[in-house]
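Worksheet for the structure shown next.
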Amino acid sequence: MLLQANPKSPPAPYLISNAEKDTISLMVPAKGEEGRRFAAVRKGTKLSVKGPLGRHIVRAEYGNIAIVCDAKTAGAACWIGQSLRGGENKVYLIVGIKGKPTKQLNAMLDESADKVFVVSDAQSKIGYPSVNELHNLMRKKHISLTFTLVDLPLSYQLARITHLRSKTFSFLTPILDDGVGICADCRVMYDGETKLACIEGPALDAHKIEWESLLGRHGHEFDGERATLDLSTKKGN
């Protein structure tokens, strides 16, 4: 969904962390410009909200499920895990964060998964820790379904290693803008057709996404092996 703290601020895409009756919960980062804007919001303030967007996740018997997330999407990953866990389903959470998770986050993670792996969110010379952790998990367990709730370059890397090994859905939340399909900024070539992530997604089959064009349009370099953020394409640099 898209959340706007005030009329002058741009809408920010967030994944829902919980929903009960008439209440929707979101996790908003405490640091950064977004965090400061939402921290200034007081009880009773009216916010502009668009959503929920896209399609919901259907609960079924999938088997072993891997969910890869970061600090910003951990709440949503926990909600997905809680929704799918139980019966034949076993949920494995891989969380990329800086430092150690808080006690509150640790409790959420433990309640949402059968096993939790906390790794660094920083890319190193040997790749992304989240990718390595998922690769190691797949060597030990047969993963039937994978969800990736991370940025585009990392989602692409995860799509590569799960190809022919696991059904994988990438949440394209970072590219959502107006939420109603007018701006078309969230368009993606998908299985040979143009789709809008805000309507058809935001979770799309990662193995049907044309990653080269998607990454290129959003300021990321693509060389067929890895994707990195090209800072020179960003405004102000």
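Taking first residues from segment 9-31 that are surrounded by fewer than 15 Cβ atoms within 10 Å (Cβ to Cβ) and partners that are modelled with pLDDT of 75 or more and among the small types (Gly, Ala, Ser), the Cβ contacts under 6 Å between residues at least 6 apart in sequence or on separate chains come to Ser25/Ser17. The set of residues in segment 27-58 that are at pLDDT below 75, under 16 Å from Phe171 (Cβ atoms) and in contact with a helix residue (DSSP H, G or I) (Cβ under 8 Å, 6 or more places away or on another chain) comprises Leu53, Gly54, Arg55. Residue count for segment 136-151 under the criterion of being surrounded by fewer than 22 Cβ atoms within 10 Å (Cβ to Cβ) and either in contact (Cβ under 8 Å) with a residue 12 or more places away in the chain or in contact with a Ser or Thr (Cβ under 7 Å, 6 or more places away or on another chain) (or both): the result is 8.
Of everything in segment 99-125 that's modelled with pLDDT of 80 or more and of a type in the set (Gly, Ala, Ser), which residue is farthest from Gly87 (Cα to Cα)?
Only one residue tops the list, namely Gly99.
Does at least one position in segment 196-217 carry a residue that is open to solvent by less than 50 Å² (accessible area, probe 1.4 Å), aromatic (Phe, Trp, Tyr) and in contact with a Gly (Cβ under 8 Å, 6 or more places away or on another chain)?
no
If you filter segment 218-229 down to residues that are open to solvent by less than 90 Å² (accessible area, probe 1.4 Å) and either closer than 23 Å to Thr73 by Cβ or touching a Leu at 6+ places or on another chain (Cβ under 9 Å) (or both), you find that the one that is modelled with the lowest pLDDT is Leu229.
The values are calculated or read from the model by the stated rules, or taken from the named source; none is laboratory data. The model shown is predicted, which means the values in this text are computed figures rather than measured ones. Using ideal geometry, Cβ is built from the backbone for each residue, glycine included, and neighbour counts are taken over all protein chains shown. Just the protein is used for accessible areas: all its heavy atoms, side chains included, with ligands, DNA and RNA removed. Shrake-Rupley method; radii C 1.70, N 1.55, O 1.52, S 1.80 Å.
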